[in-house]
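Here the structure comes first, spelled out in structure tokens, and everything after it is commentary.
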Amino acid sequence: FEPAQELVLRVDPIDAAPTEDNLVLKAAMLLRARSGCGAGASIHLQKRIPTGAGLGGGSSDAAIALLGLCRLWELELELDELTDIASQIGSDVPFFLSGGTALASGRGDHLAVLPLPVESHAVIVDSDNHKLENKTRQMYGQLTPSEYSDGGTTADVVHRLHTGARISDQFTNVFETAAMRMHDAYDAMHLRLAEVGLDHFGL
């Protein structure tokens, strides 16, 4: 982030993410409107998280933009104000303002801070399927009523975090079965992960 007359965004690699519709620019414009500061900024975004991979790359970029521009423009906004702006950008953007471990409710913008898990690392395998158009809409369209839960698994994970127990054997993702119905490649990925000896894994 550097001072500038206008809001300018540069993305590297150049084709890693859109520029005009980027959440970073949206965050900057919302923050400027809320604060009334009228300042500009030259923003350089280095993309390392694959776009559309479901890893929160764009949302975390937006959250960091809010925090970085607050520092650049010397704004003294409370976290509640930043959270309100973040929730206008995306449901998961408020989480990235603080990070860590949290229980999200509502649209994802109501956060309760939780202890860190005892597990210290995880392995993430990326695939080319995140390049599908309207992926999120397609995935939700694949879900059946039987795949919605009563929240019991989440409550158990929260309890385990508070007691310092392991949570890796309780990881669950309702989209896993939906993804396997949509993409044959995930069957092979599941088989390979089992072959290398991973006890707990999911898509």
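The values are calculated or read from the model by the stated rules, or taken from the named source; none is laboratory data. Because the structure is predicted, anything quoted here is derived from the model rather than measured. Glycine gets a Cβ as well: all are built from the backbone with ideal geometry, and neighbour counts include every protein chain shown. Protein only, heavy atoms only, side chains kept; ligands, DNA and RNA dropped before computing areas. Shrake-Rupley method; radii C 1.70, N 1.55, O 1.52, S 1.80 Å.
Among Ser91, Cys70, Pro50, flag the residue with its Cα farthest along the positive direction of the charge dipole of the range 6-108, charges on Cβ as +1 for Lys/Arg and -1 for Asp/Glu. With unit charges placed on the Cβ atoms, the residue in question is Pro50. Which of the GluC sites (Glu not before Pro) found in the range 133-194 are in a DSSP loop and have at most 10 neighbouring Cβ atoms, other than their own, within 10 Å? Those satisfying the criteria are Glu133.
A cut-off of 5 Å between modelled amide H atoms, ignoring neighbours fewer than 5 places along the same chain, links Ile167 with Val118, Glu119. Axis angle, to the nearest 10 degrees, between helix 23-35 and the longest C-alpha principal axis of the chain: 50 degrees. Distance between the 7 Å Cα→Cβ label points at Arg48 and Arg192: 2.3 nm.
Taking Cα atoms only, the orientation of helix 57-72 departs from the longest principal axis of the chain by about 30 degrees.
For Leu9, the residues whose modelled amide H falls within less than 5 Å of its own, excluding neighbours fewer than 5 places apart on the same chain, are Ile43.
Angle of helix 185-195 to the longest C-alpha principal axis of the chain, folded into 0 to 90 degrees and rounded to 10: 70°.
Of the GluC sites (Glu not before Pro) found in the range 11-82, those that fall in a DSSP loop while having at most 15 other beta-carbon atoms within 10 Å are Glu20, Glu74, Glu76, Glu78.
Restricting the range 72-179 to trypsin sites (Lys or Arg not before Pro) that sit in a DSSP loop and have at most 12 other Cβ atoms within 10 Å of their own Cβ leaves Arg107, Arg166. Panel values: the range 4-143, Kirkwood radius from alpha carbon pairs, Stokes-Einstein at 10 °C and 1.306 mPa s, translational diffusion coefficient 97 µm²/s. DSSP assigns beta bridges within the chain; of those with both partners inside it, close to 55 percent run antiparallel. Distance from the alpha carbon centroid of the range 59-103 to that of the range 1-29 works out to 16 angstrom. Dipole magnitude for the chain: about 100 debye, using +1 per Lys or Arg Cβ and -1 per Asp or Glu Cβ, origin at the Cα centre.
Output the Kirkwood hydrodynamic radius of the range 69-155, Cα pairs only, in Å rounded to one decimal.
Values: mean 1/r = 0.0612 Å⁻¹.
Computed over Cα pairs of the range 69-155, the Kirkwood hydrodynamic radius comes out at 16.3 Å.
Rolled with a 1.4 Å probe across the full set of protein chains, the surface gives His44 an accessible area near 90 Å².
Per-residue ellipticity at 222 nm, computed for the chain from helices alone with -39500 (n - 2.57) per DSSP H run of at least four residues, works out to -12500 deg cm²/dmol. Residues whose amide H comes within less than 5 Å of that of Leu114, counting only those at least five positions distant or on another chain, are Thr101, Ala102, Leu103 (H built at 1.01 Å from N in the peptide plane).
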